[in-house]
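Notes for the one structure printed next.
The numbers here are math on the coordinates, done by the rules we state, and not lab data. Here the structure is a predicted model, which is why all the values come from computation and not from measurement. Glycine also receives a Cβ, built like all others from the backbone with ideal geometry; neighbour counts cover every protein chain displayed.
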């Protein structure tokens, strides 16, 4: 595991939230900054030089002070006007409150269905209803499902069909079949994301192409990187996949008080991630409990939220209780061969109760970069991302790796409930201490200005209650680090 990524992952997440806070998305896309006059076309004064040039007679520092003095009362008056307008009682409705965007949602997911596969059709129907996937995002295909791999040319043609049918707003795919799971030397999920190319494969234990999505703060990979990550709703039966979907839906917003188990095993070849376990525990200190065990077996644990190990086969899974939303995988060569592996298939994790897993479909050797890095996966998941985002962003070289599970599971998503008219409860999981800020506007187009003192939060679980005037119109945004 690479030290730089463990050191930087919190900064990366903070940068992504800051960018989302400043730019937003959809209805709330205008900036909420209050340190400049709204719609000003002037550059921030702090960016100008504060030193006078003795040759041109212009004292920029003096002019900066004058301009700031002139702008300050205008800015304060504008903020007071906006807050007064927001809470003037002119229209009878509690302000509309919005939360920061932290992960993908159903409107950004497309559902891939193989109409020639009865299980795929049933899974797609169940998942669309469970998650509210728009009809326009259901993409119907037809091909032979009785095999483990697509031929390269066949897949390239299928990918063109998928691309043509995918709405521009879609950021990721949910795949509703279990086979085929591979495209020649690539996993199906990576071939869907990148398109087929042999640079994502390796020969003689070499590296493969890196993913720009790795450890990124992106909430829009289709626009930012021209890729759409995919995850397979895989299972041996419709009943198993329905149970998986139910776990994913049940996980949302629960902010579980589970534990991460990192097992350092006796299998030296498959234990290559263990070198980074201590750094992972340090990165999660004060946020999530992380337990490192020198053992081949985890048994009788009833609070499993994360489980990372390295073995060809993992035993005693039936003695464990996985919390809804749990991520779990084992570093081995062929875990991603879902239905015909000589080692333990990654499907066994889902059957045991995990909500998402990962495995490689061809020989990857034991490069840690080809498998999920635990610290990255856990921190991104805990920031409120989906299972798909957390797993995908944790793998640096994902070309040979298969992502399976319920894509939209978000156990650490913040939740907001109106307990009574104007009385709200916010539950959020934070990666650090800070303040929740309330900013308001009379219009969804802004500008947004602070309306009350911030509320303090600590690392981990937080429950905050606050009130807003009843029978007032307007828009309120909640922001935190």
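Figures for the structure shown
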{"quantity": "Chain lengthening between residue 169 and residue 105 when straightened (0.36 nm per residue, less Cα-Cα)", "calculated": "21.9 nm"}
{"quantity": "Protection proxy ranking, peptides 350-359, 138-147, average beta carbon neighbours within 10 Å, highest first", "calculated": "350-359, 138-147"}
{"quantity": "Per-peptide average of other Cβ atoms within 10 Å, ordering 166-175, 365-374 highest first", "calculated": "365-374, 166-175"}
{"quantity": "Sorted peptide list for 178-189, 383-394, 450-461, criterion being average Cβ within 10 angstrom, highest first", "calculated": "383-394, 178-189, 450-461"}
{"quantity": "Relative contact order [Cα under 8 Å, 6+ residues apart], region 195-322, whole percent", "calculated": "21"}
{"quantity": "Length released on extending from residue 153 to residue 250, taking residue separation times 0.36 nm less the Cα-Cα span", "calculated": "31.0 nm"}
{"quantity": "Segment residue 427-residue 269, length gained on full extension (0.36 nm per residue, minus Cα span)", "calculated": "52.7 nm"}
{"quantity": "Residue 239 versus residue 435: modelled label distance in nm, points set 7 Å from Cα along the beta carbon direction", "calculated": "5.6"}
{"quantity": "Rg/Rg_globular for region 351-481, with Rg_globular taken as 2.2 N^0.38 Å and Rg from C-alpha atoms", "calculated": "1.40"}
{"quantity": "Taking 218, 319 and counting other C-beta atoms within 10 Å, the order from fewest to most", "calculated": "319, 218"}
{"quantity": "Hull shadow area, averaged, region 221-313 [alpha-carbon convex hull, nm²]", "calculated": "9.0"}
{"quantity": "Cβ-Cβ FRET estimate between residue 291 and residue 443, R0 fixed at 35 Å, reported to 0.05", "calculated": "0.10"}
